[in-house]
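One structure below.
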Amino acid sequence: MPSLPDLSELSPAQKDELIRLLWAQLLKQEERIGQLEGRLKLNSRNSSKPPSSDGLAKPAPKSLRLKGQRPVGGQKGHEGNTLRQRAQVDEVINHPSSTACPDCQGPWVQHEVIDRRQVFELPVLRAQVTEHRLIRSSCRCGAVHEGCWPSGVNAPAQYGPRAKALVVHLNQYHLVPLERTCGLMHDIFNLPLSQASVLAFNSQAALALGPTVAAIGQAVQAAAVVHADETGIRIEGKLHWLHCLVTGSLSWLGHHAKRGHEAFEALGLLAGVRGTLVHDGLVGYRPLVCAHSLCNAHHLRELTFVHEQSADKAFNGWAQEMKTLLVQANEEVKQAGAPLALERQGWFEAQWERLLECGEAFHPEVKFDGYAQSKRGRHKQSKEFNLLRRLRVYRQDVWRFMTHEGVPFTNNLAEQALRMSKVRQKVSGCFRTDAGASTFFTIRSYLATLRKQRACLFECLVSTFRGQPVQPRWAG
């Protein structure tokens, strides 16, 4: 660290220069300290960081829904899930008071049911073993004929479609680890099962579902509104990217070593989207020839951070007003059930322009800071300026939910599609092989799609192992 110069030997001009230099360094350090403190304040509520990164400092949940919109508890019209008696029962047990009248010891002459109570219980579960026997028959003429095995009976001892379907359902959909899946099958059904068998069943299901999942991808691509997102996933110890394309009734998942344009070309789906693509603003989506809609949940979190990290709330009051304006527009679109009238759109756009100008007045572009003459490229801008620039440049994409039919306010559908894959990674740490990852994403795409369409996933998997998978409805 350089020593302090002898101030008595400096001229007034040199002292003034030293003061200006120290003042500039102080301002720069304060700005840097503010940036570092801002990073520490980032969490899942005011940024795109996942909740798992919050640690012990996890913020209290805070809904973006306006107060008073819904009463506490079950909503009007909700059917509920109360256990109710059924008209059809499997077994009836009568409970008389005694076998004869305790007063005269005579037999009962009339019986009447005065109350009923039903107990819902599972039957004793065990594996059902069916033996197939091949018969050879001889005729008096000397001819000998043998029967043939039915389709699907291929080994001296094997598991049936329902057993395989349950194993895949547990391991791939409910994310029960291999060892515990085997333990459940043994404890409940007394059915011995190896981990290698579980993996074989998964591969068999993925192979059978490959054409169906490819067709799901093509159907998603042709939809009017498509949600896209990506997240990091570890495969063979290396970082890969899990990409998803989803609609309200279809889900497609696929992985690639890259995140942007190279992955889009290799996966071969995003380039064919011609409707509206809803995403989080990743630069790689921009070259795609389609309409774009930005996720406003991300904007609300970023605006929350800008507002909360400022000591002077009035200084960044525009951020809170922007949040309120976006939420208000979303509520009006929900109530209308359609895009807003042109007059109302114009009002919101005028308010948005006013708030953009207010924010830009507080956070102007950094043109030259006096110390970056030798640095190449653009000057580093503040987080607030970058957010405002994005909201201005892509303002049509921000407000597309208000101007176009069927475009949602957020990209939650895509984020939900990725969530269980992240849970799978937490359970196992990573996918050990690329083939294992492909198997999981193929099965997950199929089951997530059928889950949205309210199908019975277990029976869908049974049909898969019988060679005729239930096909989803293709309208996305």
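The values are calculated or read from the model by the stated rules, or taken from the named source; none is laboratory data. Because the structure is a prediction, the values reported are computed rather than measured. Cβ coordinates were reconstructed from backbone atoms using ideal geometry, including for glycine residues, and neighbour counts include every protein chain displayed. Remember, those area values only see protein heavy atoms, side chains included, never the ligands or the DNA or RNA. Shrake-Rupley method; radii C 1.70, N 1.55, O 1.52, S 1.80 Å.
Brief remarks on what is shown
- Taken over the stretch 152-164, the residue count meeting the criterion of being free of Cβ contacts under 8 Å to residues at least 60 places away in the same chain and open to solvent by 100 Å² or more (accessible area, probe 1.4 Å) is 2.
- GLN85 vs. criteria farther than 30 Å from GLN335 by Cα, open to solvent by 90 Å² or more (accessible area, probe 1.4 Å) and at pLDDT 85 or above: yes
- Selection of the stretch 96-130 for residues being more than 15 Å from PHE189 (Cβ to Cβ) and of a type in the set (S, T, N, Q) yields SER97, SER98, THR99, GLN105, GLN110, GLN118.
Every residue, every condition in (1) open to solvent by 60 Å² or more (accessible area, probe 1.4 Å); (2) at pLDDT below 95, yes or no:
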residue: GLU405; (1), (2): yes, yes
residue: GLU415; (1), (2): no, yes
residue: VAL423; (1), (2): no, yes
residue: GLY429; (1), (2): no, yes
residue: GLY436; (1), (2): no, yes
residue: THR442; (1), (2): no, no
residue: LEU447; (1), (2): no, no
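- Consider the stretch 356-394 and keep the residues that are more than 36 Å from the chain's Cα centre (by Cα) and small (Gly, Ala, Ser). The one that is modelled with the lowest pLDDT is ALA372.
- Single unsatisfied condition, ILE93 versus (1) open to solvent by less than 90 Å² (accessible area, probe 1.4 Å); (2) at pLDDT 85 or above; (3) of a type outside the set (S, T, N, Q): (1)
- Counted residues, the stretch 112-148 - those being in contact with a Leu (Cβ under 6 Å, 6 or more places away or on another chain) and exposed (fewer than 10 other Cβ atoms within 10 Å of the Cβ): 0
- Scanning the stretch 382-404 for residues that are closer than 14 Å to GLU365 by Cβ and among the hydrophobic types (A, V, I, L, M, F, W, C) yields PHE385, LEU387, LEU388, VAL393.
- Residues in the stretch 195-249 that are of a type in the set (D, E, K, R) and without any contact (Cβ under 8 Å) to a residue 40 or more places away in the chain: LYS238 alone.
- In the condition set (1) over 30 Å from GLN468 (Cβ atoms); (2) part of a loop (DSSP other than H, G, I, E, B); (3) touching a His at 6+ places or on another chain (Cβ under 8 Å), SER137 is compliant with all but (2).
- Residue within the stretch 224-238 that is among the hydrophobic types (A, V, I, L, M, F, W, C), farther than 30 Å from PHE409 by Cα, surrounded by 13 or more Cβ atoms within 10 Å (Cβ to Cβ) and at pLDDT below 95 present: yes
- Of all residues in the stretch 256-313, those satisfying the criterion of being farther than 23 Å from SER382 by Cα, in a helix (DSSP H, G or I) and of a type outside the set (Ser, Thr, Tyr) are HIS261, GLU262, ALA263, PHE264, GLU265, ALA266, LEU267, LEU270, ALA271, GLY272.
- Listed conditions (1) open to solvent by 70 Å² or more (accessible area, probe 1.4 Å); (2) hydroxyl-bearing (Ser, Thr, Tyr); (3) at pLDDT 70 or above are all met by SER98, apart from (1).
- Exclusive hit being open to solvent by 30 Å² or more (accessible area, probe 1.4 Å), under 30 Å from HIS261 (Cα atoms) and touching a Ser or Thr at 6+ places or on another chain (Cβ under 6 Å), set ALA208, ALA215: ALA208
- For the stretch 167-193, taking the residues that are within 31 Å of the chain's Cα centre (by Cα) and among the polar types (S, T, N, Q), the one that is nearest to THR439 (Cα to Cα) is identified as GLN172.
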